[in-house]
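Structure record follows, encoded as structure tokens.
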Amino acid sequence: MTPHLIPRLRIALVLCAGILVQSALGADLRVAQVAPDLMVLLAICAGLFGGTEAGAWVGFWSGLLADLFLTATPLGLSALTYCLVGAAVGALRTNLVAESRLLTPLAALIGTAAAVVLFVGLGDVLGQSQLAASGRTWLVKVAVLEACWSAVLSLPVAWLYRRAARGSAGAERVGSSPASSALQGMALR
Amino acid sequence: MAVSRRSPRSRYVVAVLVLAAVTLVTIDARASGTGVTSDLRSKVHDVFSPLQRATHAALQPIGNFLTGALDYGSLRHENQVLRSELVQLQTQSITSAAERAAAEQVLAEEHLSFVGGIHSVAGEVIDNGFSNFENSLTLDKGTSSGVAVGQPVVASGGLVGTVRSVSATTATVMLLTDPTFAVGVTLPGGNVGTARGSGRGQPMRVTVVSTNRAAPAVAAGQPLVTSGLRLESFPPNIPVGRVQQATRAPGSAEPDITVTPLVDLNNLTYVRVLLWSAQ
């Protein structure tokens with residue numbers, strides 16, 4: 001058994017719990033018909049606290065899980081979107097973004113809005129024109145409200161993800177610098 | 001302050017995962033709802049459905065609380081409206097009972113088979129649809145209960161949608177607000193039209209199907225029912241919605257009609273799947 005297997009299993013468990021909570025509570029949390037998306041938030045958290053690779057892996061699996069519960073869009077579309085978003089957040093986090101108390105909610109806000117636009121854009125390219133059929137106003141509304149939901153839920157989800165990812169390769173890499181200790185402290189608060 | 005540099009391995013991992021996702025999309029798109037990806041979805045639904053049911057039951061009180069908290073203002077207003085409607089309905093109940101009896105006699109004479117004639121299965125909603133780009137819900141009944149793709153789904157009030165996919169223990173229902181949903185409706189003056197979904201929370205739009213008859217005179221508030229024409233996906237006379245607006249653009253022969261669904265699609269707990277298929 002490799003030392004990183006247990007954290008990976010914990011992350012898998014968090015992803016399964018995430019999709020169950022999303023399917024049970026997602027519809028109840030709708031504000032102006034827009035529901036939050038826990039799965040994309042988990043991908044963003046993985047990118048933030050695990051780096052590019054963890055963001056891509058967790059994004060891929062969280063998206064794939066979401067895809068398995070959807071029927072109108074092809075399997076793999078959410079996986080592709082969340083993988084790219086998780087990796088992008090991880091890459092920006094490790095290369096560009098400075099430490100800040102607002103880093104987690106801000107990354108969740110921007111990452112989710114980008115994920116919504118990317119999902120519809122990629123879907124449109126792949127022949128899923130029904131995604132854009134509700135019009136640009138609906139797309140903007142979903143992007144804004146879903147992003148706000150992500151910002152609100154980001155701290156508890158980040159806390160949960162960090163606990164699950166303790167001891168994983170990505171957490172060790174990102175967690176190895178003194179700068180990220182401050183980040184870890186912030187997320188755990 | 002930068003934490004670490006992106007390694008070539010990261011790029012390689014991202015590229016492989018993107019390729020894997022694109023491959024899945026391609027396989028699924030080519031299979032168009034059948035094949036290995038559809039089987040996989042079906043199996044996952046079967047495995048997760050007991051967990052979904054348990055999670056739904058456990059979290060429902062929290063969900064109800066959150067819904068109430070998020071919709072407090074509208075719930076209060078709705079409560080007031082309902083109180084006034086109740087008073088009106090109580091006074092109407094005596095006359096409507098007599099009218100109902102007469103209508104039942106008329107329906108029996110017309111041999112309308114849908115009135116109590118179609119077998120149905122009651123299903124509990126275990127997932128009210130969590131995607132913002134998919135108008136669907138999941139039921140706890142599947143092929144083991146006789147549910148099949150394409151069957152109409154109704155609730156008290158009228159049409160809810162149609163079964164889009166089904167596993168042994170679950171069924172996913174496409175709601176009538178989905179942009180890909182279409183249903184034939186009867187319009188005044190013997191005309192028929194097609195009502196199409198326009199997205200969550202938005203009214204359906206009706207396209208008048210050209211006939212030799214005069215253009216339909218549709219008024220706001222008028223209820224519309226399924227037309228049930230030959231090869232239609234729905235039996236006739238299922239209530240679909242109420243006309244929200246009917247306007248005629250200058251120079252246009254047909255009116256622009258928008259319809260509000262009769263069923264509150266946000267608060268469905270139980271629905272009925274009609275074990276009916278187009279002949």
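Tabulated values for the structure
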read-out	value
Residues satisfying the stated conditions in region B:56-67, i.e. more than 23 Å from the chain's Cα centre (by Cα) and surrounded by 10 or more Cβ atoms within 10 Å (Cβ to Cβ)	B:ALA58, B:LEU59, B:ILE62, B:PHE65, B:LEU66
Options B:THR226, B:THR247; residue that is more than 15 Å from the chain's Cα centre (by Cα) and either among the β-branched types (Val, Ile, Thr) or closer than 12 Å to B:VAL160 by Cα (or both)	B:THR247
Counted residues, region B:249-262 - those being modelled with pLDDT under 85 and in contact with a strand residue (DSSP E or B) (Cβ under 8 Å, 6 or more places away or on another chain)	4
Residues within region A:52-72 that are touching a Gly at 6+ places or on another chain (Cβ under 7 Å) and within 7 Å of chain B (Cβ to nearest Cβ), tallied	3
Qualifying residue in region A:127-137 (condition: among the β-branched types (Val, Ile, Thr), within 24 Å of B:VAL14 (Cα to Cα) and within 11 Å of chain B (Cβ to nearest Cβ))	no
Hits in region B:16-55 (condition: more than 7 Å from chain A (Cβ to nearest Cβ), over 10 Å from A:LEU75 (Cα atoms) and buried (at least 17 other Cβ atoms within 10 Å of the Cβ))	B:SER42, B:HIS45, B:PHE48, B:SER49, B:ARG53
Output for region A:58-73, where each listed residue is of a type in the set (A, V, I, L, M, F, W, C) and under 11 Å from the mean Cα position of the chain (by Cα)	A:VAL58, A:PHE60, A:TRP61
Odd one out for A:GLY47 among (1) at the interface with chain B (Cβ under 7 Å from one of its Cβ atoms); (2) surrounded by 24 or more Cβ atoms within 10 Å (Cβ to Cβ)	(1)
Those residues of region A:89-125 which are facing chain B (nearest Cβ under 9 Å) and over 22 Å from B:SER198 (Cβ atoms), in sequence order	A:GLY90, A:ALA91, A:ARG93, A:THR94, A:ASN95, A:LEU96, A:VAL97, A:ALA98, A:GLU99, A:LEU122
Some residue of region A:9-30 being more than 20 Å from B:SER42 (Cα to Cα), free of Cβ contacts under 8 Å to residues at least 24 places away in the same chain and more than 8 Å from every other protein chain (Cβ to nearest Cβ)	yes
Residue check, A:LEU75 more than 9 Å from every other protein chain (Cβ to nearest Cβ) and either out of contact with any strand residue (DSSP E or B) (no Cβ under 7 Å at 6 or more places or on another chain) or at pLDDT 90 or above (or both)	no
Residue within region A:30-44 that is under 14 Å from the mean Cα position of the chain (by Cα), small (Gly, Ala, Ser) and part of a helix (DSSP H, G or I) present	yes
Region A:78-88, residues that are within 8 Å of another protein chain (Cβ to nearest Cβ) and among the aliphatic types (A, V, I, L, M)	A:ALA79, A:LEU80, A:LEU84, A:ALA87
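The values are calculated or read from the model by the stated rules, or taken from the named source; none is laboratory data. What you see is a predicted model, and the numbers here were worked out from it, not measured in a lab. We place every Cβ from the backbone using ideal geometry, glycine too, and count neighbours over all the protein chains shown.
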